[in-house]
């Protein structure tokens, strides 16, 4: 698999995990789950399937220094810089354009920088299986076997069985459904025909650009014009000119929903998108009372505390609380009921409306 590349999408500035995740320090640069940042963990779990020279990172300029410091083994030229954030379709097309210009035979796995995956061997094994399927002209996607009727994820419907590769079975993908309501999600779960959309795709660079050409011809044209400037002095100026003219659109809407020859591997890789504070209870080690504590302060005083989460570098004392989340940073303290973590986005929106940008 010498022409196989991992492309980590690391440009998001997410705020769903405010007050720790900010626009300048999004969750991928934070050590939220393990001892290293989510980005570094994402890089490390790719070995030995991908050597550092076959790992690419697409990110924004303001994150570049932090990401390079966390993964110095990745060559500098493998960091592809977006001029500014413009959603995942332009970011993916940019990374693939650079990789394909350097290796026309490339197969590219589009991966995430901020998801937790506990079963790392299974993850690498399914990426290897997906590579094999991609050589047969399919776009392979990793579908997460759903454990509850989630309304915050997209779903992929699986059709007829394609083939078994190793211990994995690939199915024809019949289509995507974005974030259904709870009734629809429950129906999906009961049918056994749906997987959560992980946002991870494996395809040859040639097929990727063919899909852009078919479905997003204007975007394709601009990247086709950019391609000859890769690794020349003209690249930065041409990229800026190109970027300003691109529409802001996700890769799901731009390409995947109507792509030809889509396939899905339903897998259990211990995946969690760590999309909100309550998700931390699924990925952190809990004590016998269902509590989790993170931070540099080793001392803590706990009295009659259950099912609670505390992130702090200070001594935090909890007495008689249950289902509470406490997140402490140098400039903010959030205390939130476990059932209300989805409302963190409302706090962020309020800070935006009131122009309290220093807290964003």
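Only the coordinates and a few stated rules stand behind these numbers; no lab work does. Not measured: the values here are computed from a predicted model. Glycine gets a Cβ as well: all are built from the backbone with ideal geometry, and neighbour counts include every protein chain shown.
The table below lists the values:
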quantity: Rounded tilt (10° steps) of 120-134 against the dominant C-alpha axis of the chain; calculated: 20 degrees
quantity: Residue-averaged 222 nm ellipticity for the chain, from DSSP H runs of 4+ at -39500 (n - 2.57), nearest 500; calculated: -8500 deg cm²/dmol
quantity: Cβ-derived FRET efficiency at R0 22 Å, residue 235 paired with residue 73, nearest 0.05; calculated: 0.40
quantity: Chain lengthening between residue 1 and residue 136 when straightened (0.36 nm per residue, less Cα-Cα); calculated: 47.2 nm
quantity: Cα-Cα separations in segment 158-298 greater than 19 Å, expressed as whole percent; calculated: 69 percent
quantity: Amide N of segment 118-150 lying under 13 Å from the label point, which is placed 7 angstrom from the Cα of residue 186 along Cα→Cβ; calculated: 149-150
quantity: Length released on extending from residue 352 to residue 163, taking residue separation times 0.36 nm less the Cα-Cα span; calculated: 63.1 nm
quantity: Mean-position separation - Cα centroids, segment 242-258 and segment 1-37, in angstrom; calculated: 21 Å
quantity: Nearest-ten-degree value, helix 344-353 long axis tilted from longest Cα axis of the chain; calculated: 80 degrees
quantity: Among 347, 98, 264: highest mean-square fluctuation, GNM of the chain, C-alpha pairs under 10 Å; calculated: 347
quantity: C-alpha long axis of helix 88-102 to longest principal axis of the chain, angle in °; calculated: 50 degrees
quantity: For the chain, fraction of C-alpha pairs farther apart than 36 Å, in %; calculated: 23 percent
quantity: Rounded to 5, percent antiparallel among DSSP beta bridges of the chain; calculated: 50 percent
quantity: For segment 126-185 and segment 292-360, distance of Cα centres in Å; calculated: 35 Å
quantity: FRET efficiency, residue 315 to residue 339 (Cβ-Cβ, R0 22 Å, nearest 0.05); calculated: 0.25
quantity: Residue order, fewest to most beta carbons within 10 Å, for 302, 325; calculated: 302, 325
quantity: For 315, 133, order by how many other beta-carbon atoms lie within 10 Å, fewest first; calculated: 315, 133
quantity: Extended-chain gain in nm, criterion 0.36 nm per residue less alpha-carbon gap, residue 323 and residue 34; calculated: 101.8 nm
